[in-house]
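The values are calculated or read from the model by the stated rules, or taken from the named source; none is laboratory data. What you see is a predicted model; the values in this text were computed from it and never measured. Positions of Cβ are backbone-derived with ideal geometry, glycine not excepted, and every protein chain shown enters the neighbour counts. The area values use the complete protein model at the heavy-atom level, side chains included, leaving out ligands, DNA and RNA. Shrake-Rupley method; radii C 1.70, N 1.55, O 1.52, S 1.80 Å.
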Amino acid sequence: MKKEIKCSYFEAVYLCRAYIPLAFLSMLPSIIFKPEDAITAVFAYGFNLLLFLAIFIYGVVRVKNKRLFNIPEKELLRFNSGIIEKRKVYFSKPCVKSAIIEKSILSWFFNSEKIILNTGSRTGDNGNITMFISRRLESLFISLFYGETGSFYTVYKANIFRVFLMALSSSNAFAGVVIFIPFLNKTEELFGQKYKELIRSSIDFSPYIQDIGVPPIAAAITGILIAGLIISVISVMFSYGFLEVKKSRENDSILVKRGVIQKNIFVASAQKIVAYQTKQSILMSLLKICTVNFFACGQHRENGNKRVIVPAVSKKRVEDFFKLNLEKSRYIETPPSFSLKAYLYFPAMWLTLVGVSCIVCFFLNFDISPFYPIIIFLFFIFFVYFVMRIVAHKKAFLYADKGKAIISFYKRMSFTKTLIPISKIQGIEITQSIFQRYRNLCNINVYVYSENKRCFKIKHLKLSSGMKFSKIINHTIGD
């Protein structure tokens, strides 16, 4: 087997990517208003060209010194890097937690792709070894740790309808707005206010909403939310299109492949997966579907729901799996009925605040009629959150048995159910606030092995239940 994986020269181009827009903006006045003398032209173009060449040459030298060596007889890998200060990092292959391969349109043109190797150590940024390699070396890279790529066979392939259903039912309109605003601001910087207004007008649905009799303010809010939802759905569709899960015939390795334009491949041993989780948004709960996620070391770069392995699966199928694991229960605990108040404090506080504000404005003779749509919208959101907390209290439970633990709780506006092998639990934390000490309640945080301190929690259980759970977990790990 080839013992050396060389870094691609595309990495030198990649280093220059951040400077190119800045150079273009700095030269834009000189392009529009042609310089009158040679000195101005040299300063406008020459300085940027020299700086660009300096960054590119630095990247080329860096690439020539970046190598990944395979030492098969010792089950070791060596990573060389550095220009002035040379670095050689040795690490054992069995200690590799996961590998990520990222493919973008730009890297595709240069026949390259980005690899991220998580070693669980501090050998690089956030414990990772990162470099660009030629696409023809992808199979070699994967085979170093997880077997030949030809040994992987498909165990699940998501169809486009399920991905769209997941995107539609789990997307957050506010998340879409957050994605769109930086894009809109960057558009104004690069192309000017005219193009920004053109893009904004093309997704402004408020005139059409006003045509059906909705007040202008309500139409504007609705238009923003619809635009945000559409952007969020498109973003999720592009992230999870062509989602495919594969398993190796040679060992227990799994490969998760996804993405339409920006492709992402995540490879890890099944033993490195620390937890499986089902997740339901409120809309998913009404449709009786859920997504299945997994957690493994090396996912610190994966934000949001990018660890999905099964989108929009029937809730009944997942519930049957969890019931199968709950048949021989050694311990199962639910929050006591009087802890429901603790679940409702936050939404009740905001509902009360909005209501009191309206009453105060009424007695002070303030005209709040223009804000009725906003007030109704806030009442609706907090009322939904209020009901969601009641359902979350009903669904919450903590379970422990020989070899596994299950935590059913909520996170933000979603219901979650997490299955954790007890061997993956790194620690249990029991906390009590001032108010919880008065009612003899506690929160339980279950930590698993992860570079970003991954924690699964359940709140407002009896303190005695938390202590009993801790003893069962410690006893099982001791066995």
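In terms of accessible area, using a 1.4 Å probe and ignoring ligands and nucleic acids, ARG249, ARG258, ARG454, ARG135 rank largest first as ARG249, ARG135, ARG454, ARG258. Measuring only protein heavy atoms, the 1.4 Å probe finds LEU137 accessible over about 20 Å².
The heavy atoms of THR352 present about 80 square angstrom of accessible area, all protein chains included, probe 1.4 Å. Taking other residues whose beta carbon is less than 10 angstrom from the beta carbon of VAL245, and scoring Lys, Arg as +1 and Asp, Glu as -1, yields +4.
Take the residue pairs LYS157/LYS424; LYS93/LYS272; LYS3/LYS247 and return only those whose Cα atoms are more than 21 Å apart.
Working: LYS157/LYS424 28 Å; LYS93/LYS272 13 Å; LYS3/LYS247 25 Å.
From the list (LYS157/LYS424; LYS93/LYS272; LYS3/LYS247), the Cα-Cα distance tops 21 Å for LYS157/LYS424; LYS3/LYS247.
With every protein chain in place and a 1.4 angstrom probe, the accessible-area ranking of ILE458, ILE472, largest first, reads ILE472, ILE458.
Distance from the Cα centroid of segment 229-261 to that of segment 79-108 is 23 Å (rounded to whole angstrom).
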